[in-house]
Structure formats: C-alpha cells, structure tokens
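Structure record follows, encoded as structure tokens.
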2 protein chains.
Amino acid sequence: MPSPQFDPIAEARRQWDTHWDDSPTAQMAAVTSIFRAQQILLARLNELLAAEDLTFARYEALMLLYYSRRGELPLGKISDRLQVHRASVTNVVDKLCERGYVERVPHEIDRRAVLARITPEGKRAAKKATKLLNGADMAMAPLTAQECERLYDTLRPLRADADGFDAA
Amino acid sequence: MPSPQFDPIAEARRQWDTHWDDSPTAQMAAVTSIFRAQQILLARLNELLAAEDLTFARYEALMLLYYSRRGELPLGKISDRLQVHRASVTNVVDKLCERGYVERVPHEIDRRAVLARITPEGKRAAKKATKLLNGADMAMAPLTAQECERLYDTLRPLRADADGFDAA
C-alpha cells in the first residue's frame with residue numbers, strides 16, 4: 001500500500017461536512033484516528049518484538065505472568081485481565097509454549113483448570129523485550145510523554161464507561 | 001469476560017513503575033489505552049451497524065464508493081484509501097456483493113482490473129447507516145466533541161509520521 005500524499009481522515013471529514021447536516025465530524029475524526037493509530041502502533045510494536053520472537057499479544061500475556069506473584073495464572077484469568085477472548089488466550093499461550101517461554105501446568109486444586117507458568121527463558125525474553133520497548137518509547141514517536149499523558153487522560157472516561165470501573 | 005472492577009491500565013502502570021527504572025510509563029499507558037479504545041469502539045460500531053447488515057469495515061468501503069464521483073472504484077484504490085490490505089478489501093467487497101450493496105464490474109480500459117460499484121440498495125444502506133452512526137455520535141460517548149477534537153489533533157502527528165503526509 002503506498003502512503004497517501006494527503007491526510008485521508010481530513011479528506012473523509014471534508015466529505016462528511018459536504019454530505020451530511022449536523023454530523024458529529026469531531027467524533028468521526030476521533031474514531032477513525034484511533035483506528036489508524038492502533039494499526040500503526042501495533043505494526044511498530046510487532047516489528048520491535050520480532051527480535052524476541054514475540055508479538056504484542058504474546059508479550060502482554062508474558063508480562064502478566066512475569067508480574068504475577070507465583071509466575072503462573074489460570075488461562076481464564078489471563079483472558080479477564082487482558083480483556084481478550086479465551087480462544088485468543090489459548091492461541092497466544094500455545095505460541096509461548098512452542099518458544100519455551102511458558103509451560104502449561106495442572107491446577108493444584110481444580111484439576112480441570114490449566115495454568116500457564118513462565119519459564120526462566122520466558123523471564124529473560126520478557127526483560128529483553130521490555131528493554132526494547134522502553135528504549136523505543138513504546139513506538140509512540142513523534143508524540144511526547146506529555147501528549148501521551150493527555151491521550152491516556154482523555155481516553156480514560158471512555159474505558160471506564162465501557163469497562164465498568166470508576167474513572168475518578 | 002467480566003468487567004474488571006479496577007482500571008487494568010492503571011494497574012499495569014503501577015507494575016511498570018515498580019519493576020523498571022526510567023520507563024516511559026506515559027507512552028505505555030497511551031498505547032494500551034489506544035488499543036483498548038479501539039476494541040471498545042469497534043464493538044460498539046459493529047453493534048450499531050448490524051441493523052443494516054454491515055460491519056465497520058464494510059461500512060467504510062461502502063462510504064468510499066458512495067462518495068466517489070462515479071459510484072465505482074478499482075479494488076486497489078479502495079485498499080490504498082482505507083489503508084488495509086488488498087485481501088481484506090476483496091473479502092469486504094465479497095460481503096457487500098452478497099448483500100446486493102455493491103456489484104463487481106470490469107474496468108472499461110484495463111480489462112484485468114475490477115471495479116466495485118455501489119448499487120441503489122447500497123446507497124440506501126449507506127445513508128441509513130450514516131444516520132445511525134451520526135445519531136449515536138459515532139459511539140464516542142461519554143467523550144465530548146471537544147475531547148474528540150483534541151484526540152484527533154493529538155494523534156495527527158503520529159499518523160502524519162507513519163503515513164507520510166504533511167501534518168501542518
């Protein structure tokens with residue numbers, strides 16, 4: 001895909017203003033900007049993480065295990081915490097197992113539940129990947145830390161509304 | 001997936017501060033907020049558009065045809081303008097054809113190229129879907145128009161940097 005020489009969202013906005021009365025063009029521009037930003041950032045993060053044979057989805061699951069008290073979590077809990085469907089978590093854990101970063105272990109009490117446990121190799125990969133991402137400022141360039149802070153603040157009420165936590 | 005009773009990004013940020021020195025936590029919070037916002041908004045928009053048997057991806061392609069001068073565009077052009085891969089465009093156009101919103105026609109000059117052309121039924125669906133989305137403020141609640149404008153402005157330099165247009 002060649003890069004457009006003009007801003008496609010500004011162009012869509014112009015079309016919107018021409019065709020529709022009283023349309024929420026600021027909201028339209030915001031939602032399409034968020035969608036494009038997500039595509040850009042995901043591609044950048046995946047490119048950075050390829051050096052550790054990770055994708056961002058696998059990295060997120062690996063970090064959750066890394067931070068967990070015992071280095072292990074039930075798959076259902078990973079699904080809840082990352083807010084992704086259980087099928088995706090199963091797939092992500094499979095890939096992490098293939099790379100030796102995670103192993104599946106049976107739950108001590110509930111024999112039907114499966115735990116994912118981070119391995120020493122997984123811990124090393126988690127550290128290296130985090131240093132990579134931190135060194136690259138999470139691929140947010142050219143936005144400054146202050147602009148990132150503002151994005152986080154502005155999006156928080158939307159997340160709170162959808163995810164049911166208290167935004168205050 | 002049950003809703004978390006706490007903010008999972010604020011929680012991740014706390015972990016980050018504890019474990020890593022000099023880490024770009026504002027950038028980490030921003031990128032994960034954008035990813036979560038994208039999930040939330042896509043689900044909301046798809047739910048709204050289901051009434052017209054559309055998804056947001058199909059809606060975007062349909063509107064591009066709706067706004068085009070002749071009501072038709074080559075598939076490659078749709079791919080460029082929506083910044084999605086050609087395979088995805090083919091799939092989206094297939095689905096729009098199944099619903100009778102779009103038809104494939106051969107290019108007048110370049111016989112190897114295929115055009116997608118919006119049908120009268122497609123135009124009606126485009127209008128109805130746009131009224132639905134406009135009436136719902138593009139699912140951006142509880143964010144105000146002013147906050148949406150700020151999001152658009154803040155994200156613009158990131159898009160310009162990645163997509164090669166002039167942000168000025």
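The values are calculated or read from the model by the stated rules, or taken from the named source; none is laboratory data. On a predicted model such as this, the values are computed, not experimentally measured, just so you know. Here the Cβ positions follow ideal geometry from the backbone for every residue, glycine too, while neighbour counts run over all protein chains shown. When the accessible area is computed, the model is the full protein with side chains, heavy atoms only, and any ligands, DNA or RNA have been set aside. Shrake-Rupley method; radii C 1.70, N 1.55, O 1.52, S 1.80 Å.
Summary table below
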item: Every residue from the stretch A:104-113 that is free of Cβ contacts under 8 Å to residues at least 12 places away in the same chain and assigned to a strand (DSSP E or B); result: A:Pro106
item: Qualifying position, being in a helix (DSSP H, G or I) and touching a Leu at 6+ places or on another chain (Cβ under 7 Å), among A:Ala116, A:Ala129; result: A:Ala129
item: Test result for A:Ala126, out of contact with any helix residue (DSSP H, G or I) (no Cβ under 9 Å at 6 or more places or on another chain) and surrounded by 15 or more Cβ atoms within 10 Å (Cβ to Cβ); result: no
item: Scan of the stretch A:4-48 for residues that are open to solvent by 60 Å² or more (accessible area, probe 1.4 Å) and assigned to a loop (DSSP other than H, G, I, E, B), ordered by number; result: A:Gln5, A:Phe6, A:Asp21, A:Asp22
item: Filtered residues of the stretch B:75-122 (kept if under 28 Å from A:Asp7 (Cβ atoms) and among the basic types (Lys, Arg)); result: B:Lys77, B:Arg81, B:Arg86, B:Lys95, B:Arg117
item: The stretch B:157-168: number of residues that are within 7 Å of chain A (Cβ to nearest Cβ) and open to solvent by 20 Å² or more (accessible area, probe 1.4 Å); result: 4
item: Residue within the stretch A:144-160 that is within 22 Å of A:Gln39 (Cα to Cα) and either modelled with pLDDT under 95 or in a loop (DSSP other than H, G, I, E, B) (or both) present; result: yes
item: Residue under evaluation B:Tyr101, criteria (1) buried (at least 17 other Cβ atoms within 10 Å of the Cβ); (2) at pLDDT 95 or above; (3) at positive phi, criterion not met; result: (3)
item: Per-region count, the stretch A:1-49, residues over 24 Å from the mean Cα position of the chain (by Cα), polar (S, T, N, Q) and under 30 Å from A:Ala136 (Cβ atoms); result: 2
item: Index of the failed condition, B:Lys127 passing every other in (1) more than 7 Å from every other protein chain (Cβ to nearest Cβ); (2) closer than 18 Å to A:Gln38 by Cα; result: (2)
item: A:Leu73, sole failed condition from (1) more than 9 Å from chain B (Cβ to nearest Cβ); (2) surrounded by 14 or more Cβ atoms within 10 Å (Cβ to Cβ); (3) at negative phi; (4) under 18 Å from the mean Cα position of the chain (by Cα); result: (4)
item: Conditions (1) free of Cβ contacts under 8 Å to residues at least 60 places away in the same chain; (2) within 11 Å of chain A (Cβ to nearest Cβ); (3) open to solvent by less than 30 Å² (accessible area, probe 1.4 Å); number of the one not met by B:Met63; result: (1)
item: Exclusive hit being crowded, with 16+ Cβ neighbours inside 10 Å, of a type outside the set (Lys, Arg), within 18 Å of the chain's Cα centre (by Cα) and closer than 30 Å to A:Glu147 by Cβ, set B:Leu96, B:Leu133; result: B:Leu133
item: Index of the failed condition, B:Ala141 passing every other in (1) at the interface with another protein chain (Cβ under 8 Å from one of its Cβ atoms); (2) out of contact with any His (no Cβ under 9 Å at 6 or more places or on another chain); (3) more than 27 Å from A:Ala141 (Cα to Cα); (4) surrounded by 15 or more Cβ atoms within 10 Å (Cβ to Cβ); result: (4)
item: Positions within the stretch A:78-87 being open to solvent by 50 Å² or more (accessible area, probe 1.4 Å), in a helix (DSSP H, G or I) and within 11 Å of chain B (Cβ to nearest Cβ), in sequence order; result: A:Asp80, A:Arg81, A:Arg86
